[in-house]
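Single-structure report; data block below.
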Amino acid sequence: MIEDGQYRGGLVPYGYRLEQLGRMNKKNKPVLDLVIDQDEAAIVREIFHLLVNKGYGTVRVTKYLNDKGIKTKRNKGPWRGTAIRALIDNPIYIGHMHMGETLSPKFENLQIIDDDLFARCQEVVKGRATFLKKDMTVPERTDTGSLLSGLLYCKECGAKLYYSHGTSKRKMTDGTIRVYGRESYRCYTKLNHPNGCAGPSSYSAELINDAVLKEIRRFLTVIRDIPQENLLEKAREKHDGVNEVAYRQAEQDYFEAHKQITALEEQAIKALTGENSLDISIVNSMMPKYREKMEQAQRRMEDAKAKMEQEKEQSKEARREIGELVSWAEAFDDAEPETRRMIIARLVERIDIGADYSISIRFRISMKQYTGDVA
Ligand SMILES: [Zn+2]
């Protein structure tokens with residue numbers, strides 16, 4: 001059982017490795033025990049130190065580790081914030097193993113972080129999360145900055161807004177100074193010529209990101225709530241059949257002209273054989289007019305046909321687009337930041353931000369196209 005310190009399997013936490021310490025199981029096979037890996041343990045101590053004593057956020061810690069080339073346990077890509085949060089949450093660092101929902105008794109030989117530092121770290125990281133929500137400072141989410149990058153414009157002067165990640169220092173009640181990040185969007189004009197734009201010098205990135213995400217979700221919800229057949233029906237409705245009508249009209253004109261030419265030719269033959277007294281020169285003079293009519297009709301037919309082909313292509317494209325839209329609508333909420341960014345870039349052409357945080361989003365896809373009057 002776990003009480004004897006035997007490792008029960010699963011992934012070995014960062015800071016530890018498995019070793020044969022000479023113990024045998026009931027079948028007299030050597031068992032593996034969890035032991036501290038001193039190299040990794042040093043990194044664990046550093047992570048706790050950075051978070052608690054240096055005021056680092058989890059994202060900054062990942063950057064620090066990645067910049068130093070420190071590998072993750074299984075060397076699967078770079079360190080991520082989720083890995084850091086899981087790490088500082090793992091009671092193994094104070095010597096307790098997970099036993100289902102409960103914890104094992106303390107194994108002193110497995111403790112890397114002292115109880116006090118471990119508790120403070122939890123407090124600091126979780127406390128920071130609540131603090132941030134309240135004050136709209138978001139050092140945790142540096143990925144949000146690029147979420148809307150290149151899409152935001154200042155409504156006051158039309159210039160692009162750029163993302164800025166500043167920091168501010170706060171004195172905590174215990175006297176320690178902690179550094180917080182504040183993400184914002186700033187107007188280019190305002191930056192270079194403070195009098196060149198009447199808008200504010202900075203917008204809270206979190207407020208804008210949240211408001212934009214809300215609008216995008218609303219857009220996607222509308223899409224999601226329309227049955228897909230209706231969407232496809234709408235896509236088909238875009239074709240008013242004008243080209244089909246034009247094609248049939250041209251075809252009729254073509255056959256009409258063809259019939260008249262045939263009739264004229266018959267008359268010409270009869271004139272030649274003396275069956276009628278029609279002057280052949282009159283027939284010949286009428287011929288070019290009908291030939292021209294026929295050729296014209298033929299050109300109109302080809303033209304209408306090409307347009308019909310084009311419509312067919314567009315309809316195929318619209319169907320593909322609808323399929324994509326629906327899958328985005330379904331995936332968006334649970335999507336990784338990368339995927340979200342891709343979806344937003346594909347959905348949104350530009351976003352204008354007003355002084356009062358008014359937000360106008362221009363979508364690449366018109367809702368009217370699919371929904372009629374909705375949105
Ligand atoms: Zn501006």
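Within the set Lys214/Lys316; Lys259/Lys293; Lys259/Lys289; Lys27/Lys73, which residue pairs have Cα atoms separated by over 21 Å?
As for pairs spanning more than 21 Å Cα to Cα, those are Lys214/Lys316; Lys27/Lys73.
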Kindly give Rg over Rh for the chain, based on alpha-carbon atoms, with the Kirkwood expression for the hydrodynamic radius.
1.31
One quarter of the convex hull surface, Cα atoms only: what value does that give for the range 2-135 in nm²?
9.4
Quick shape check on the range 232-333: root eigenvalues a ≥ b ≥ c of the Cα gyration tensor, a/c under 1.5 is rounded, otherwise prolate if a/b tops b/c, else oblate, and it reads prolate
Just to be sure I understand: with springs between alpha-carbon atoms less than 10 Å apart, which residue in Thr176, Thr82, Thr102 has the highest mean-square fluctuation in the Gaussian network model of the chain?
Thr102
Toy charge model, Lys and Arg Cβ at +1, Asp and Glu Cβ at -1: the chain dipole around Cα centroid in debye, rounded to 20, equals 1580
Please state the relative contact order of the range 236-312 as a whole percent: Cα pairs under 8 Å, 6+ residues apart?
49
Across the chain: Cys residues that no other cysteine approaches within a C-beta distance under 4.7 Å:
Cys121
Could you work out the relative contact order of the range 2-135, using alpha carbon pairs under 8 angstrom and six or more residues apart, expressed as a whole percent?
21
Within the range 196-294, report the GluC sites (Glu not before Pro) that DSSP leaves as loop and that have at most 14 other Cβ atoms within 10 Å.
Glu275
Violating pairs (Cα-Cα greater than 32 angstrom) within the set Lys29/Lys68; Lys26/Lys106; Lys160/Lys307; Lys68/Lys155:
Lys29/Lys68; Lys160/Lys307; Lys68/Lys155
Yeah, the range 186-250 with a ≥ b ≥ c from its alpha-carbon gyration tensor (a/c under 1.5 is rounded, else prolate when a/b outruns b/c, oblate otherwise) is oblate
So for His96, His193, fewest C-beta neighbours within 10 Å to most, what's the order?
His193, His96
Farthest positive-ward along the chain dipole, Cα basis, beta-carbon charges - from Tyr153, Ile223, Leu65:
Leu65
Could you give the dipole magnitude of the range 232-333 about its Cα centre, charging the beta-carbon of Lys and Arg +1 and that of Asp and Glu -1, in debye to the nearest 20?
280
What is the fewest-to-most order of Asp253, Asp225, Asp174 by other Cβ atoms lying within 10 Å of their Cβ?
Asp174, Asp225, Asp253
Loop sites only, by DSSP: take the trypsin sites (Lys or Arg not before Pro) in the chain that have at most 16 other C-beta atoms within 10 Å and name the longest stretch containing none of them.
107-237
Length-normalised contact order for the chain - Cα pairs under 8 Å, 6+ apart - percent:
13
Taking the dipole about the Cα centre of the range 232-333, with the C-beta of Lys and Arg at +1 and of Asp and Glu at -1, give me whichever of Gln296, Phe332, Ala263 is farthest to the positive side.
Ala263
When Cys197, Cys187 are ranked with the fewest other C-beta atoms within 10 Å first, the list becomes Cys197, Cys187
Quick check on the chain: helices-only [θ] at 222 nm, where DSSP H runs of length 4 and up contribute -39,500 (n - 2.57) each and the sum goes over total residues. Nearest 500, please.
-17000 deg cm²/dmol
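Every number here is computed from the coordinates shown, using simple stated rules; none is lab data. Quick caveat, the model's predicted, so the values are computed rather than measured. Backbone-built Cβ (ideal geometry, glycine too); neighbour counts: all protein chains shown.
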